[in-house]
Amino acid sequence: MDSLENDPKRAEPRILLVEDDKVFAAVATQILRSFAEVQWEASAEAALAVLSNEDWDLVISDVNLPAMNGLEFARQARRICPFAAILILTGNANVETAIGALRADADDFLTKPLDATALTSKATEMIALTRTCKSKGRAVVLAIGAHPDDVEIGCAGALLRHAAHGDRVNILTLTGGESGGPVSERITESQRAAELLGARLFLSGLSDTSLSVSDGGVMIGAIETVIAETQPNIVYTHSCNDVHQDHRSVHHATLVAARRVPRVYCYQAPSANIDFRPTRFIGVDEWMERKLEVIDAYKTQVKIRSYLQADFLQATARYWSRFGTSRYAEPLEVIRDNEVTHDVSETSSAQPNTAEVQAHAS
């Protein structure tokens, strides 16, 4: 708390408290006002109406609200205020509630009853996180794949790196991957992989192996819907240099749907052809082991796809590291990169005389 109170360069933190219990709200407001400006709203609807009016450092919401569930409120609040930390309050200290809060894109949760020290400590910690992320320019990332496991194979290391730097990570999978097994199993595996990545998962349910450029309007619409909801400033998608027709179709649909997104990159799939020519290489040494755990979430596919074996994935990443200084790297084709930040320690370029570019897009 001292770091916020004693820094004259920082304005007083702003907290939005959403709580229908008037007694609890009064007590919490008194505690929080010792170091922050607090606005209390008794309903999610009222809170949503004021969210876009101020630059909030922290949003605190009870999980049980009248009319709208607190988790649904958190999802909507995240869309309106992508950089503000969100804290969920709950009376149920169980794993299911914790997972629900995190899936709702909240940053953390606390269980009631709360004491002043616990609330102050957690609020101060989350306000500091918000301000750090704002100062770094936290990115909002959307990775798009035709099938379950496409995104994870191509850029799980980069996504893990984004998450580690506080960026918001979203995944859109356009089909259920039914050609590779029962949709129910593949969805369950996708959800598990997203949890390991710290990502929010969107599933469109289009038909596997039937994605076509001639019917691209459906894909474009599906992608545009998720872009409108998540507001990404970075998009990862398939390359057009790929023998799989679904991958090529998704590539073309993404370029249309993401036409206003400033940074667009294409990752490598196992079906990429020899014309796949990356010029950006993301060092993923710290995240390679975790990437293998993410891929292993797709157990039904690991059993039948040789390219999902750990040694194959490591060998591929090891090969691409030849263009940089890391041991493992993920390659990307650059479609558009309008917000470049230079940092030679993060990412390497295929052209040794060009400036190297920061991988986490801050």
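Taking the options 173, 230, name whichever one is crowded, with 19+ Cβ neighbours inside 10 Å and at pLDDT 95 or above.
Exactly one residue qualifies, and that residue is 173.
Residues are listed down the side, and each one gets a yes or a no for (1) on the phi < 0 side of the Ramachandran plot; (2) buried (at least 19 other Cβ atoms within 10 Å of the Cβ); (3) at pLDDT 90 or above; (4) within 15 Å of the chain's Cα centre (by Cα):
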{"position": "209", "(1), (2), (3), (4)": "no, no, no, no"}
{"position": "215", "(1), (2), (3), (4)": "yes, no, no, no"}
{"position": "219", "(1), (2), (3), (4)": "yes, yes, yes, no"}
{"position": "226", "(1), (2), (3), (4)": "yes, yes, yes, yes"}
{"position": "237", "(1), (2), (3), (4)": "yes, yes, yes, yes"}
{"position": "243", "(1), (2), (3), (4)": "yes, no, yes, no"}
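In the range 74-100, what count of residues is obtained for those that are farther than 22 Å from residue 163 by Cα, among the hydrophobic types (A, V, I, L, M, F, W, C) and either surrounded by 14 or more Cβ atoms within 10 Å (Cβ to Cβ) or at pLDDT 80 or above (or both)?
Residues that pass the stated criteria total 1.
Taking helices (runs of 4 or more DSSP H) that fall entirely within the range 140-259, which contain at least 2 residues that are assigned by TED's automatic domain parsing to the domain that holds residue 298, within 17 Å of residue 295 (Cα to Cα) and in contact with a strand residue (DSSP E or B) (Cβ under 9 Å, 6 or more places away or on another chain)?
On the way: elements: 150-164, 183-197, 216-230, 245-257.
Because the criterion is at least 2 residues that are assigned by TED's automatic domain parsing to the domain that holds residue 298, within 17 Å of residue 295 (Cα to Cα) and in contact with a strand residue (DSSP E or B) (Cβ under 9 Å, 6 or more places away or on another chain), the helices (runs of 4 or more DSSP H) in the range 140-259 that meet it are 150-164, 183-197.
Would you please list the contacts, defined by Cβ atoms under 6 Å and residues six or more apart or on different chains, that run from a residue in the range 32-43 that is assigned by TED's automatic domain parsing to the domain that holds residue 70 and under 12 Å from residue 16 (Cβ atoms) to a residue that is of a type in the set (Val, Ile, Thr) and surrounded by 18 or more Cβ atoms within 10 Å (Cβ to Cβ)?
Sorted first by the residue in the range 32-43, then by its partner, the pairs are 32/15; 32/38; 36/15; 38/15; 41/18.
To keep it simple, each residue is scored yes or no on (1) within 23 Å of residue 273 (Cβ to Cβ); (2) within 24 Å of the chain's Cα centre (by Cα); (3) in a helix (DSSP H, G or I).
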| residue | (1), (2), (3) |
| --- | --- |
| 287 | no, yes, yes |
| 290 | no, yes, yes |
| 294 | no, yes, yes |
| 307 | yes, no, yes |
| 314 | yes, yes, yes |
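Check 326, 345 and return the single one that is in a loop (DSSP other than H, G, I, E, B) and modelled with pLDDT of 90 or more.
326
Filter the range 46-63 for residues that are at pLDDT 85 or above and either under 20 Å from the mean Cα position of the chain (by Cα) or assigned to a loop (DSSP other than H, G, I, E, B) (or both) and give the result. First the steps, then the outcome.
Quick first cut of the range 46-63, residues at pLDDT 85 or above only: 46-51, 56-63.
56, 57, 58, 59, 63 - these are the residues of the range 46-63 that are at pLDDT 85 or above and either under 20 Å from the mean Cα position of the chain (by Cα) or assigned to a loop (DSSP other than H, G, I, E, B) (or both).
Mind checking whether some residue in the range 263-276 is at pLDDT below 95 and either in a loop (DSSP other than H, G, I, E, B) or closer than 24 Å to residue 187 by Cβ (or both)?
No, the conditions are met nowhere in the range 263-276.
The values are calculated or read from the model by the stated rules, or taken from the named source; none is laboratory data. Not measured: the values here are computed from a predicted model. Don't worry about glycine lacking a Cβ; one is built from the backbone with ideal geometry, like all the others, and counts go over all protein chains shown.
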